[in-house]
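Data block below; observations after.
Just so it is clear, none of the values below were taken in a lab; they were calculated from the coordinates. Source: prediction; values computed, not measured. Don't worry about glycine lacking a Cβ; one is built from the backbone with ideal geometry, like all the others, and counts go over all protein chains shown.
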Amino acid sequence: MRIVRCSAHGQASYGVVRDEEVHLLDRSPFGVEEPVETGRVVALEEATLLTPTEPSTIYAIGRNYSEHAKEMGYQLTGTPSVFLKPRSSLLPPGGTVVLPPPSASKQVQHEAELVIVIGKAARNVSEADALSYVAGYTCADDVTARDLQRSDTNPTRGKGYDTFCPLGPWVETELDPSALTVRCRVNGELRQDGNTADLLFPVPFIISWFSSWSTLLPGDVILTGSPHGTGDLADGDSVEIEIGGIGTLTHRVVASR
Ligand code: MG
């Protein structure tokens, strides 16, 4: 099942995609009560898609593919390298990433990532049970001001600018996350071509580990890290994040005006 959130009839609604149509739901599917279909339908092509979930927290793990850690010059320690992104960094599918002014950052990069969407509150969850807390999976670009990430003492600002978390286009609920292709194209050119089979910390471990110190809430997201091949973004770029079994998230890039 594919879950979207879209702007329809003057309000934001969740919906289920079937046969190129969005069947609107009466409530969030990431809550305690089961949603029901309202009977209202919007053509997928005409729907204005929003981020497919409204997370209370955007968790992220870095250095989770050895080739990417190598290209960044990081030492792997065996402990997950984690950070949070602000909610104000969220960007809907088809949105536009706004680069910081050059006086603030001169190097902004793309990072194609599989995203876990949490389906029910998770605290101290075992790896064996972890996948039962997942609502589904979506795509993100963990947009990063690399120069700020390197110059600051922690990655918050470099990862946290407004628009730096394009998310979507939908949540795919029926998916095995263990071996999915993770690709990024910029202006049609293939820049990243990885596979979640190479995750240093796989999905069940990630959920179990984050839940060992924080309660993961329904609708929360965890960005699982980026394969190698991250590269610079520039004014006018068109970016596609494609994950096998999910689909393609697109966004554009503009310079700050
Ligand atoms: Mg990342």
>> For the stretch 161-204: of the residues being acidic (Asp, Glu) and in a strand (DSSP E or B), which is nearest to Pro80 (Cα to Cα)?
In response: Asp193
> Quick one: Trp213 ticks every box in (1) surrounded by fewer than 22 Cβ atoms within 10 Å (Cβ to Cβ); (2) touching a residue at least 12 places away in the same chain (Cβ under 8 Å); (3) not acidic (Asp, Glu) bar one, so which box is it?
Replying inline: (2)
> What are the residues in the stretch 18-45 that are buried (at least 20 other Cβ atoms within 10 Å of the Cβ) and touching a helix residue (DSSP H, G or I) at 6+ places or on another chain (Cβ under 8 Å), if any?
Replying inline: Val22
> Does Ile222 satisfy being touching a strand residue (DSSP E or B) at 6+ places or on another chain (Cβ under 9 Å), within 22 Å of Asn124 (Cβ to Cβ), touching a residue at least 12 places away in the same chain (Cβ under 8 Å) and not in a helix (DSSP H, G or I)?
Replying inline: yes
> Does Thr48 meet the test of being out of contact with any Leu (no Cβ under 8 Å at 6 or more places or on another chain), surrounded by fewer than 20 Cβ atoms within 10 Å (Cβ to Cβ) and among the polar types (S, T, N, Q)?
Replying inline: yes
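Residue-by-condition table, conditions (1) surrounded by fewer than 19 Cβ atoms within 10 Å (Cβ to Cβ); (2) in a strand (DSSP E or B); (3) more than 16 Å from the ligand (Cβ to nearest atom):
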| site | (1), (2), (3) |
| --- | --- |
| His68 | no, no, no |
| Gln75 | yes, no, yes |
| Pro93 | no, no, yes |
| Pro101 | yes, no, yes |
| Lys106 | yes, no, yes |
| Val115 | no, yes, no |
> In the stretch 225-253, how many residues are of a type in the set (S, T, N, Q), within 15 Å of the chain's Cα centre (by Cα) and either within 16 Å of the ligand (Cβ to nearest atom) or assigned to a loop (DSSP other than H, G, I, E, B) (or both)?
Replying inline: 1
> Looking at this structure, is Ile207 in a strand (DSSP E or B) and in contact with a helix residue (DSSP H, G or I) (Cβ under 8 Å, 6 or more places away or on another chain)?
Replying inline: no
>> Given the condition part of a loop (DSSP other than H, G, I, E, B), within 15 Å of the ligand (Cβ to nearest atom) and under 24 Å from Gly247 (Cβ atoms), answer yes or no: does some residue in the stretch 130-149 qualify?
In response: yes
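Just for the stretch 52-66: of the residues that are of a type in the set (Val, Ile, Thr) and more than 13 Å from the ligand (Cβ to nearest atom), which one is surrounded by the most Cβ atoms within 10 Å (Cβ to Cβ)?
Among residues in the stretch 52-66 that are of a type in the set (Val, Ile, Thr) and more than 13 Å from the ligand (Cβ to nearest atom), the one surrounded by the most Cβ atoms within 10 Å (Cβ to Cβ) is Thr53.
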